Amino acid sequence: MKTEFLGPRYWPTWVGLGVLRAAEALPYGALLAVGRFIGRIARRLPLRYVAIARRNVELCLPELDERARRALLARHFDALGMGLCEAAMTWWSDESRILELSKIEGFDHLERALAKGRGVILLTAHFTTIEI
């Protein structure tokens, strides 16, 4: 590691990584609660991407009143924080922990298709960071 990464400029990053590392050890429900908290803090900071998100909601959903837009933005940043904490799980959690939270449906279909000796295309949706 370069020693320049230890300078004050990077301290917020180190603190953030430390919070994520500590949160990763929590039970999953508590981890998500920490994520929501992080998202709520981020939404209130004067960051460029917060203003962009707010403007995007205004432009894309003009039919929503201001209260509905604020609620949507709040849910978005809650989900953003939870996704960040789930990403921390992919970095530091034991594989068994992630497998406990996973559910595979239809594996028998894959096995039958492979038994025919032909290729198989798997398609999945991107709902969380867990698939990393």
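The values are calculated or read from the model by the stated rules, or taken from the named source; none is laboratory data. Note that the structure is predicted; figures quoted are calculated from it, not measured. FYI the Cβ positions are ideal-geometry reconstructions off the backbone, even for glycines, and counts take in every protein chain you see. Keep in mind that these areas ignore ligands, DNA and RNA; they rest on the heavy atoms of the full protein, side chains included. Shrake-Rupley method; radii C 1.70, N 1.55, O 1.52, S 1.80 Å.
The residues of region 8-32 that are within 16 Å of L101 (Cβ to Cβ), assigned to a helix (DSSP H, G or I) and in contact with a helix residue (DSSP H, G or I) (Cβ under 9 Å, 6 or more places away or on another chain), listed by number, are A23, E24, Y28, A30, L31, L32. Any residue at all in region 56-72 that's in contact with a Lys or Arg (Cβ under 8 Å, 6 or more places away or on another chain), at pLDDT 95 or above and under 30 Å from V19 (Cβ atoms)? Yes; the residues of region 56-72 include at least one that is in contact with a Lys or Arg (Cβ under 8 Å, 6 or more places away or on another chain), at pLDDT 95 or above and under 30 Å from V19 (Cβ atoms). Does any residue of region 35-43 turn out to be open to solvent by 50 Å² or more (accessible area, probe 1.4 Å) and among the aliphatic types (A, V, I, L, M)? Taking every residue of region 35-43 in turn, at least one turns out to be open to solvent by 50 Å² or more (accessible area, probe 1.4 Å) and among the aliphatic types (A, V, I, L, M). For region 58-73, the set of residues classified as open to solvent by 20 Å² or more (accessible area, probe 1.4 Å), part of a helix (DSSP H, G or I) and not small (G, A, S) consists of E58, L59, C60, E66, R67, R69, R70, L72, listed by residue number.
Would you pick out the residues in region 47-57 that are assigned to a helix (DSSP H, G or I) and open to solvent by less than 90 Å² (accessible area, probe 1.4 Å)? It would help to see each step written out before you state the result.
From region 47-57, those assigned to a helix (DSSP H, G or I) are 48-57; that's our starting set.
Residues satisfying the conditions are V50, A51, I52, A53, N56, V57.
For region 74-127, the candidate set comprises residues that are over 16 Å from Y28 (Cα atoms), among the charged types (D, E, K, R) and part of a helix (DSSP H, G or I); within that set, the residue that is most open to solvent (accessible area, probe 1.4 Å) is R75.
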